[in-house]
Amino acid sequence: MDILLKKNRVPEMSARSSEDEIGIVTALKDNEAIVELSLQESCESCGARFICVPDQSGKRQLRAANPLQANVGSQVTITEKSNFLLKVSFLQYGIPFIGFLIVIFLLNTLNLTSIPFTKELILFSGGILGLIIAAFI
């Protein structure tokens with residue numbers, strides 16, 4: 001996981017980055033800290049919400065690298081170390097879109113005149129099928 005703990009400097013809400021989030025260290029395991037996060041308004045539309053999904057008790061927790069040796073009870077800021085959200089967005093939206101386009105282009109090269117439907121309907125239906133298959137991949 002490419003998430004790190006940083007020294008907690010609580011930023012103003014207007015200057016706060018969408019990648020930063022404040023949490024409390026609840027447990028330590030090896031060089032990692034288990035951090036409990038508060039529920040945010042943007043959680044419902046977040047593409048990476050599966051990473052910090054609430055557990056059975058309703059708390060959002062995630063495991064993060066702990067290079068600062070934060071202690072249990074410390075308030076920390078969580079930040080993204082790399083382009084993790086960009087990668088997740090590509091997996092969620094880019095790959096299905098590519099599957100959609102590939103099937104449309106492949107069907108467009110075939111002779112579809114023997115099928116009793118319009119060419120556009122066949123291409124669109126095939127594109128949707130390609131999108132679904134790529135989404136499962």
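Solvent-accessible area of Leu86, all protein chains in place: 120 Å² (probe radius 1.4 Å, heavy atoms, ligands and nucleic acids excluded).
If R0 equals 35 Å, the separation of the Cβ atoms of Leu91 and Leu28 corresponds to a calculated FRET efficiency of about 0.70. Only Cα pairs under 8 Å and 6+ residues apart enter the sum, and on that basis the relative contact order of segment 62-137 stands at 36 percent. The trypsin sites (Lys or Arg not before Pro) found in segment 55-129 that occupy coil by DSSP, while having at most 15 further C-beta atoms within 10 Å, are Lys59, Lys81.
Give me the percent of Cα-Cα pairs in segment 87-137 that sit more than 13 Å apart, rounded to a whole number.
Working: 697 of 1275 pairs.
Cα-Cα pairs of segment 87-137 separated by over 13 Å account for 55 percent.
Here the dipole of segment 55-131 is about 240 debye; that uses its Cα centre as origin and unit charges on the Cβ of Lys and Arg (positive) and Asp and Glu (negative). Heavy-atom accessible surface of Ser74, to the nearest 10 Å², is about 40 Å², with a 1.4 Å probe and all protein chains retained.
Could you order Val103, Val88, Val72 by accessible surface area, starting with the largest, using a probe radius of 1.4 Å?
Numbers: Val103 40, Val88 10, Val72 90 Å².
Of Val103, Val88, Val72, the descending order of accessible area is Val72, Val103, Val88.
The values are calculated or read from the model by the stated rules, or taken from the named source; none is laboratory data. Model, not experiment: these values are computed from the prediction. When we count neighbours, we look across all protein chains shown, and the Cβ atoms used for this are built from the backbone with ideal geometry, even at glycine. Calculation scope for accessible area: heavy atoms of the full protein, side chains included, ligands and nucleic acids excluded. Shrake-Rupley method; radii C 1.70, N 1.55, O 1.52, S 1.80 Å.
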